[in-house]
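Undergrad: Handing you a structure now.
Please treat every number below as a calculation from the coordinates, not as lab data. This structure is a prediction, so every number in the text was calculated from the model and none was measured. A quick note on method: Cβ atoms are made from the backbone with ideal geometry, for glycine too, and the neighbour counts reach across all protein chains shown.
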């Protein structure tokens, strides 16, 4: 279901981009129906109204699919808030002595034991 809705959402986004680019801007742009009286099936005003309505409908559907996808992503065992996930921090009261740690039961020797070299008789 998620994948189907996501694909529909992407198609709506591409259609919305296309209808916005087809609309006639104040400077001329890529407008459909700018050919004047060259046998177009709709007048310039009719094309503008159609594209405006299509843009509004596609934008509404895009917002609805966005909200549905956001709600579907929020369901499950996920926490609802950032504050729900943090553990409370316990700090010692001011003026209280800091806890001390005990030394390990079998401390490791700092240096290995030194062996004495065999004595060698000195000859005269």
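Undergrad: Sorted from fewest to most neighbouring beta carbons within 10 Å, what does the list 9, 75 look like? Don't jump to the answer; show the numbers that get you there.
TA: Working: 9 16, 75 7.
Going from sparsest to densest Cβ surroundings: 75, 9.
Undergrad: Turning to a different aspect of this structure: If you rank 66, 25, 123 by fewest surrounding Cβ atoms within 10 Å, what's the result?
TA: On the way: 66 13, 25 9, 123 4.
Ranked by crowding around the Cβ, least crowded first: 123, 25, 66.
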